[in-house]
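Notes to accompany the following structure.
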Amino acid sequence: MRSAADAQLLYSNRAGLYQFVILGLFRYAAGVRRHLERYGLLTSGQRILDAGCGTGTVTRACAEIARGRGLTELRLCAFDLTPEMLAKLRRWSDKAAFRVELAEANVLEPDSLPASWTGFELV
């Protein structure tokens, strides 16, 4: 891809397919969750940044583990280049009643993130 606009267009047009293939067929979400659980990477009060979150595989896994383990005050922040991907994560977040701070940003331009997004324990 030649530019961020090209990448944004690709993933905008393929957000549903991405979610179906990566999360469904490849079972990526299950692998991410197993990894996070196996190594005990989550603790109460932790600040977690999901960089280039797509539809939120890592964010969702963190939220589900936190709920299951009774972890409190977990702060989840996620950003992606593609509004359509963020919209899918936002719909999940609303339905799951789990607060996730979202931003549209380019992973190659970290200065474009909200100023309050600092001090993360897990990225």
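Applying the condition of being modelled with pLDDT of 90 or more and charged (D, E, K, R) to segment 1-50 and asking which residue is most open to solvent (accessible area, probe 1.4 Å) yields Arg38. Being touching a Pro at 6+ places or on another chain (Cβ under 9 Å) and farther than 22 Å from Ser44 by Cα is a condition met by at least one residue of segment 104-112. Summed over segment 51-79, residues that are open to solvent by 30 Å² or more (accessible area, probe 1.4 Å), touching a residue at least 24 places away in the same chain (Cβ under 8 Å) and among the small types (Gly, Ala, Ser) total 2.
Okay, residues lined up against (1) over 14 Å from the mean Cα position of the chain (by Cα); (2) open to solvent by 90 Å² or more (accessible area, probe 1.4 Å); (3) over 19 Å from Arg67 (Cα atoms):
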position: Leu81; (1), (2), (3): no, no, yes
position: Arg90; (1), (2), (3): no, yes, no
position: Ser93; (1), (2), (3): no, no, no
position: Glu109; (1), (2), (3): yes, yes, yes
position: Gly119; (1), (2), (3): yes, no, yes
position: Val123; (1), (2), (3): no, yes, yes
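Within segment 54-68, none of the residues are on the phi < 0 side of the Ramachandran plot and in contact with a Ser or Thr (Cβ under 6 Å, 6 or more places away or on another chain).
The values are calculated or read from the model by the stated rules, or taken from the named source; none is laboratory data. Predicted model only: the values in this text are computed from it and were never measured. For neighbour counting, all protein chains shown are included, and Cβ atoms are generated from backbone atoms with ideal geometry for every residue, glycine included. Heavy atoms of the whole protein, side chains included, go into the accessibility calculation; ligands, DNA and RNA do not. Shrake-Rupley method; radii C 1.70, N 1.55, O 1.52, S 1.80 Å.
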